[in-house]
1. Of all residues in the range 233-283, how many are under 23 Å from Val160 (Cα atoms) and polar (S, T, N, Q)?
2. If you scan the range 274-299, which residues turn out to be assigned to a loop (DSSP other than H, G, I, E, B), closer than 19 Å to Ile241 by Cα and either touching a helix residue (DSSP H, G or I) at 6+ places or on another chain (Cβ under 9 Å) or not polar (S, T, N, Q) (or both)?
3. Tell me yes or no: at least one residue of the range 5-16 is touching a helix residue (DSSP H, G or I) at 6+ places or on another chain (Cβ under 6 Å), in contact (Cβ under 8 Å) with a residue 40 or more places away in the chain, surrounded by 24 or more Cβ atoms within 10 Å (Cβ to Cβ) and part of a helix (DSSP H, G or I).
4. Going through the range 145-174 one residue at a time, which ones are within 21 Å of the chain's Cα centre (by Cα), surrounded by fewer than 24 Cβ atoms within 10 Å (Cβ to Cβ) and part of a loop (DSSP other than H, G, I, E, B)?
5. Would you be able to tell me the number of residues in the range 57-85 that are more than 22 Å from Ala321 (Cα to Cα) and open to solvent by 30 Å² or more (accessible area, probe 1.4 Å)?
6. Just to verify a result, which residue in the range 284-339, among those that are among the polar types (S, T, N, Q) and under 26 Å from Val126 (Cα atoms), is farthest from the chain's Cα centre (by Cα)?
7. Using the structure shown, decide if Gly119 is part of a loop (DSSP other than H, G, I, E, B) and farther than 30 Å from Asn306 by Cβ.
Amino acid sequence: MGYRVAVVGATGNVGREMLATLAARNFPADEVVALASEKSVGREVSFGDTDILKVRDLAKFDFAGTDIVLSSPGSKVSAQFAPKAAAAGAVVIDNTSYWRMDPDVPLVVPEVNPQALGGWRKKGIVANPNCSTIQLVTALKPLHDIATITRVVVATYQSVSGAGKEAMDELFAQTRAIYVADPIEEKVFPKQIAFNVIPQIDVFMDDGSTKEEWKMVVETKKILDPKIRVVATCVRVPVFIGHSEAVTVEFADPISADEARRALRKAPGVTVMDRHEPGGYITPVEVAGDDPVFVSRLREDPTVDNGLSFWCVADNLRKGAALNAVQIAELLVAEHLTE
């Protein structure tokens, strides 16, 4: 049986990656529809190596007969259309932040909490977590299973693609401007991003943290374990694709670096690249276009009891967004929609 799939936000970075991932993984779709705002109607987007889809108007689209919606249009748009699509009988897998903390909407990383997907019927919506959260919990899950995590301290190094195509264009334009001595224009980011790092992602909250940092805290708790204490510092770096994270973890039980390494090597969705030599670790430029969460620099933390530190990197447009959404769709098809 084939499914009718709609991709909302099909002209954006994540939407295009969703289409590519659906095709690459041979998702059982009889029809795939590309949807976006009125200004994008008629534009063409690729679906696989040979197929071209014409973009249709989200505002006028009738979701009746649609089985699955992969959505990445922005929170305000999702708030309006996702309930309508669900009411028409579709399951909406939403990549925006709008639905993630709704108690009636499962927040799912298939390698981490697939059992949560059983709650999709409450609203017909499943939330895709934040990109930086996805790679973090994918790496934490196998460690939590063997030693029980109590506290996580994470600093992120997030690529500009997480802020959209305009952000990527700004990094390119500023880099070029520096080399040719043109004025630096700042439109997307609050400060120059080329040859710089910016310790702010999203807006500031009352306690001094940013909303991106808050997302990592509350989403990790919802997905993995509400008892885990999490503190995050989220930083934008001049990298086009690939988020990196420096993670320090405290455990309730003793765990060695070798035990952790063995658990991570067995874990689904994780690749360990950890040689203690120059270049024996992974960097974001190497993971663009790859599916796994890569773990390097795994070592014991001598400053606390039962502590480990590691470095993890993932393609934020793939596992951090599109791939995770498609994996949720695959899990729905395999275990839920056929019931």
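The values are calculated or read from the model by the stated rules, or taken from the named source; none is laboratory data. Keep in mind it's a predicted model, so treat the numbers as computed, not measured. Please note: Cβ atoms are built from the backbone with ideal geometry, for glycine as well, and neighbour counts cover all protein chains shown. For accessibility, only protein heavy atoms count, side chains too; no ligands or nucleic acids. Shrake-Rupley method; radii C 1.70, N 1.55, O 1.52, S 1.80 Å.
1. 3
2. Step one: of the range 274-299, the residues assigned to a loop (DSSP other than H, G, I, E, B) are 274-283, 288-292.
In the following step, the residues that additionally are closer than 19 Å to Ile241 by Cα were identified as 281-283, 288-292.
Across the range 274-299, the qualifying residues are Tyr281, Ile282, Ala288, Gly289, Asp290, Asp291, Pro292.
3. Yes: the range 5-16 contains one or more residues that are touching a helix residue (DSSP H, G or I) at 6+ places or on another chain (Cβ under 6 Å), in contact (Cβ under 8 Å) with a residue 40 or more places away in the chain, surrounded by 24 or more Cβ atoms within 10 Å (Cβ to Cβ) and part of a helix (DSSP H, G or I).
4. Gly164 - this is the single residue of the range 145-174 that is within 21 Å of the chain's Cα centre (by Cα), surrounded by fewer than 24 Cβ atoms within 10 Å (Cβ to Cβ) and part of a loop (DSSP other than H, G, I, E, B).
5. Applying the first criterion (more than 22 Å from Ala321 (Cα to Cα)) to the range 57-85 yields 57, 59-65, 84.
Cutting the leftovers down to open to solvent by 30 Å² or more (accessible area, probe 1.4 Å) gives us 59-60, 62, 64-65, 84.
The total comes to 6.
6. Here is the first cut: in the range 284-339, the ones among the polar types (S, T, N, Q) are 296, 303, 306, 309, 316, 324, 327, 338.
Filter again for under 26 Å from Val126 (Cα atoms), leaving 316, 324, 327, 338.
Details: Asn316: 5, Asn324: 7, Gln327: 12, Thr338: 27 Å.
Here the answer is Thr338.
7. Values: part of a loop (DSSP other than H, G, I, E, B): no; farther than 30 Å from Asn306 by Cβ: yes.
Considered against the rule, which asks whether it is part of a loop (DSSP other than H, G, I, E, B) and farther than 30 Å from Asn306 by Cβ, Gly119 comes out as no.
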